[in-house]
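**Q** Please find one structure pasted underneath; my questions will follow.
The values are calculated or read from the model by the stated rules, or taken from the named source; none is laboratory data. As the structure is a prediction and not an experimental result, all values here were calculated from the model. So basically every Cβ, Gly included, is an ideal-geometry build from the backbone, and we count neighbours across all protein chains shown.
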Amino acid sequence: MPGKLFREFRAVEGASAEYGGLTTGPLSAVLEEVMKHISMILLLLLTGCVGVPKNVKPVENFSLERYLGQWHEIARLDHSFEKGLSRVTANYSLRDGGGVRVLNRGYSENKHQWKEAEGKAFFVQRPDVGYLKVSFFGPFYGSYVVFELDHKEYQYSLVCGPNKSYLWILARDPEIKPELKDMLVAKAAALGFDTNKLVFVDQRPPPK
């Protein structure tokens, strides 16, 4: 759809140039409608990725102060931005200008080097609800929904994005007990996540 609108816009833009840059009359009306359409699409792109998947509920009584620090990625549903990465960690700290600084780090097995991505996150609702939006690129945000959490010790969490193709199992330690892993996987599966496609992350130190 965005590509089609872009082509329409360029066609109108070309017609305007051909007729001496006319900006009044029927051509102006068409251009105005196209620009309105493009603005609506851009608004959807900017806001449509910060929703919560069906049947998923962010945790309440969430404490950002206790959540800060380093988390290890135990498992994930794979996406291109993490494909091939092991020893993945996420580090959360407070930003000077407000919000949360996000630093993701992982080891590329193919390139034999570490990769880092720094972003920022902000609460979507109240600060005691585990529902944030995170951005690694300009004004584009994606959901960060904590829907399962060790409220007592803050040692593990289940996190998803705007839909059920995004899922992470996080823990404070590089490895967790099999029974805890099975419990978290079962909780995610019960909510409709395709846990058969989970990638369990190698957290062993890379070879020297």
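**Q** Go through (1) modelled with pLDDT of 95 or more; (2) on the phi < 0 side of the Ramachandran plot; (3) basic (Lys, Arg) one by one and return the number of the condition ARG10 breaks.
**A** Just one mismatch for ARG10, condition (1).
**Q** Out of curiosity, is GLU82 under 27 Å from LYS54 (Cβ atoms) and not aromatic (Phe, Trp, Tyr)?
**A** It is true that GLU82 is under 27 Å from LYS54 (Cβ atoms) and not aromatic (Phe, Trp, Tyr).
**Q** Enumerate the pairs (first residue in the stretch 44-56 and outside the structural domain of LYS187 (by TED's automatic domain parsing) and within 19 Å of PHE122 (Cα to Cα); second residue anywhere and modelled with pLDDT of 90 or more and surrounded by fewer than 17 Cβ atoms within 10 Å (Cβ to Cβ)) with beta-carbon separation below 7 Å, excluding pairs fewer than 6 apart on the same chain, so at least 6 apart or on different chains.
**A** Final answer for the pair search is PRO53/ASN163.
**Q** Within the stretch 59-108, restricting attention to residues that are in contact (Cβ under 8 Å) with a residue 60 or more places away in the chain and in a loop (DSSP other than H, G, I, E, B), which residue is surrounded by the most Cβ atoms within 10 Å (Cβ to Cβ)?
**A** The residue in question is PHE62.
**Q** Report whether or not GLY130 is at pLDDT below 95 and assigned by TED's automatic domain parsing to the domain that holds ASP182. It would help to see each step written out before you state the result.
**A** On the way: at pLDDT below 95: no; assigned by TED's automatic domain parsing to the domain that holds ASP182: yes.
In short, no.
**Q** Check PRO206, PRO174 and return the single one that is outside the structural domain of TYR92 (by TED's automatic domain parsing), surrounded by fewer than 17 Cβ atoms within 10 Å (Cβ to Cβ), assigned to a loop (DSSP other than H, G, I, E, B) and in contact with a strand residue (DSSP E or B) (Cβ under 7 Å, 6 or more places away or on another chain).
**A** PRO206
**Q** I'd like the full set of residues that are outside any strand (DSSP E or B) and either of a type in the set (A, V, I, L, M, F, W, C) or touching a residue at least 12 places away in the same chain (Cβ under 8 Å) (or both), limited to the stretch 143-157.
**A** Matches in the stretch 143-157: HIS151, TYR154, GLN155.
**Q** Just to verify a result, which residue in the stretch 124-142, among those that are in contact (Cβ under 8 Å) with a residue 40 or more places away in the chain and not in a loop (DSSP other than H, G, I, E, B), is nearest to the chain's Cα centre (by Cα)?
**A** By that ranking, first place goes to GLY142.
**Q** How many of the residues making up the stretch 121-147 are surrounded by 17 or more Cβ atoms within 10 Å (Cβ to Cβ) and over 13 Å from SER63 (Cα atoms)?
**A** So the first thing to find is which residues in the stretch 121-147 are surrounded by 17 or more Cβ atoms within 10 Å (Cβ to Cβ), and the list is 121, 123-124, 129-135, 141-147.
Filter once more, keeping what is over 13 Å from SER63 (Cα atoms): 121, 124, 133-135, 141-145, 147.
Qualifying residue count, the stretch 121-147: 11.
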